[in-house]
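*Asks:* After the structure tokens below, expect a handful of questions from me.
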Amino acid sequence: MATAEQNDWMTRTNPGTPAGTLLRQYWQPVALAEELNGPRPLKTVDVMGQHLVLFRDEKGRLGLLDRDCPHRGADLAYGRIEDGGLRCLLHGWLFDVNGCCMQTPAEPEGSKLCSRIHQGAYPVVEKSGIIFAYLGRGEPPAFADFDCFVAPDSHTFAFKGLWECNWLQALEVGMDPAHASFLHRFFEDEDVSESFGKQFRGASMGTDLPIAKVLREYERPEISVDATGYGLRLTTLRKLSPGQTHVRITNVAFPNVFAIPMGPEMTITQWHVPVDDHNSYWYAIFTSFAGAVDKQQMREQRLKTIELPLYNSRKNKRNHYGYDIAEQQSQTYTGMGMDINVHDQWACESMGTIQDRTREHLGTTDKAIAAYRRMLVDAIDAVQEGQPLPARPAAGQGGTLSGPPAVDGVTTADAAMQFCATADLQRRQACDWAAARLGS
């Protein structure tokens, strides 16, 4: 268990906090690109306790500025997008996407006041349907050559959701392979041919065996954790018989990302980003190694449980996550429906908005969480001391990090430890966009 001081050290992310300083040294998702669609491409952004405004100017350039006008603090979120920037309503001060003040129109003719004014501004980049921002000091790192960033737009789909809990407990549920056998247990298997876009409802690679059946019937996995250049690789083995083993490879990409398989042909790369210390957004990019993603179907599936414009869950603590006792007795372990995001949300929110880690007792299956926390604390110390940080490639060095491989399948027991490399290579060789990168 952690001390109260350690828990604060790991979870608090407002400006100036140790963990907040660390997370700001990496690119963080701040919005979906679709949120800037419409006649007025502007939205407010709250991230790690900062209040910002995101917009596109008339030329399509992205800007992310501090929300309070540096004149007298009026709200720039109500500003006018015009004349190459964002104009404050109070006195017409105009700021470009880099935060430069271009006009102070109420000032006397010839005033040079605007040349001395600069609004806080942050680099922003759009990738795979998500807008990322760099809120840290110095030059931003390169983007890793992760599959979700190098796949063509036709083969990716991005979405997000709001959870009412701290970012760290939300992230940690994704690095816990054992919980899926319980929290996501379905008592009946669906037709795996109808599983597109659904987690834990399809078949494992190389077999027609439903993953739901594996998780339900083999609940004592063997888990190993290995350090990698991007963070941690988790290997979870479930022995189905003396000759067959189910292998599931998941990953933690430091500092706040996990990458997991979603059936044989798709992976999920998911960030958990603090809004403040008590709320967080998950941002996910679904990446296909087969055909193009049916974005409309994926979006419609998620809008059944996610409500716009905040992307909050329709099932939440105020309506008991849709809990139904009859369903819990006959269909699902939780009684909270078929969407595993709701299951995970309940698990994380039920811990309180900030989990009290002084009261927990980690077990053997929590080895990835323990390894990650050690990595997190070491990195927080490193950023405080100005030392190099893990998984943070310098400009032009994004190719040093790739993948990460995330696979789920059944193989012979003697080939279990080689399955990841073999299955990942075969999947890439059969995929046009991935095969084209094998020689690079």
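The values are calculated or read from the model by the stated rules, or taken from the named source; none is laboratory data. Here the structure is a predicted model, which is why all the values come from computation and not from measurement. Ligands, DNA and RNA are excluded from the accessible area calculation, which covers all protein heavy atoms including side chains. Shrake-Rupley method; radii C 1.70, N 1.55, O 1.52, S 1.80 Å.
*Asks:* Any idea what angle helix 419-429 forms with the longest principal axis of the chain, computed on alpha-carbon atoms, 0 to 90 degrees, nearest 10?
*Replies:* Long axis of 419-429 versus the principal axis of the chain: about 60 degrees.
*Asks:* Next up: Taking amide H positions as placed 1.01 Å from N in the peptide plane, with prolines and chain starts having none, which residues 5 or more places from ASP276, or on another chain, fall under 5 Å of its amide H?
*Replies:* Here MET48, GLY49 satisfy the definition.
*Asks:* Per the Kirkwood treatment, what hydrodynamic radius in Å, one decimal, follows for the range 50-131 from the mean inverse distance over all distinct Cα pairs?
*Replies:* This gives a value of 12.9 Å.
*Asks:* Mind ranking ARG220, ARG72, ARG56 by accessible surface for me, highest first, 1.4 Å probe?
*Replies:* Accessible-area ranking of ARG220, ARG72, ARG56, largest first: ARG220, ARG72, ARG56.
*Asks:* Still on this structure, please answer the following. Output ³J(HN,Hα) for the range 24-39: one whole-Hz value per residue in order, computed from phi by the Karplus curve 6.51 cos²θ - 1.76 cosθ + 1.60 with θ = phi - 60°, and x for Gly and Pro.
*Replies:* Whole-Hz 3J(HN,Hα) from phi for the range 24-39: 5, 7, 10, 4, 10, x, 10, 6, 7, 4, 5, 6, 9, 6, x, x.
*Asks:* Taking the structure as given and computing Rg and Dmax of the Cα atoms in Å, which label from [x] 22.9, 86; [y] 20.6, 67; [z] 21.6, 72 fits?
*Replies:* Here the calculated entry is [x].
*Asks:* Give me the accessible area of TRP282, 1.4 Å probe, in Å² rounded to the nearest 10.
*Replies:* In the full protein context, TRP282 sits at about 10 Å².
*Asks:* So, one more: Once amide H atoms are placed 1.01 Å from N in the peptide plane, what residues at a sequence separation of 5 or more from MET266, or on another chain, have their amide H within under 5 Å of its amide H?
*Replies:* PHE289
*Asks:* Enumerate the whole-percent occupancy of each 5 Å bin, from 0 to the last occupied one, for all C-alpha pair distances of the range 309-383.
*Replies:* 3, 12, 16, 18, 15, 15, 12, 5, 2, 1, 0
*Asks:* For helix 367-385, what angle does its Cα long axis make with the longest principal axis of the chain, in degrees from 0 to 90 and rounded to 10?
*Replies:* 30 degrees
*Asks:* Hey, can you grab everything whose amide H is under 5 Å from the amide H of GLY403? Only 5+ residues off in sequence or another chain; H modelled, so Pro and N-termini drop out.
*Replies:* The list, which skips near neighbours in sequence, is ASP147.
*Asks:* Follow-up question, since we're still on this one. Using a 1.4 angstrom probe with every protein chain in place, what is the largest-first accessible-area order of TYR281, TYR323, TYR311?
*Replies:* TYR323, TYR281, TYR311
*Asks:* Helix-only mean residue ellipticity at 222 nm, the chain, DSSP H runs n ≥ 4 weighted -39,500 (n - 2.57), per residue, nearest 500. What is it?
*Replies:* Computed ellipticity for the chain at 222 nm equals -5500 deg cm²/dmol.
*Asks:* Right, next: Just tell me which lysines come within less than 26 Å, Cα to Cα, of LYS43; anything on the same chain fewer than 8 places away is out.
*Replies:* Within the straight-line cut-off, LYS43 pairs with LYS59, LYS127, LYS160, LYS295, LYS304, LYS315.
*Asks:* Return the carbon/sulfur percentage of the accessible area of the chain, one whole number, probe 1.4 Å, all protein chains in place.
*Replies:* Its accessible area is 50 percent carbon and sulfur atoms.
*Asks:* Taking springs between alpha-carbon atoms closer than 10 angstrom, which of PHE182, PHE159, PHE289 fluctuates most in the Gaussian network model of the chain?
*Replies:* Taking springs between Cα atoms under 10 Å, the residue moving most is PHE182.
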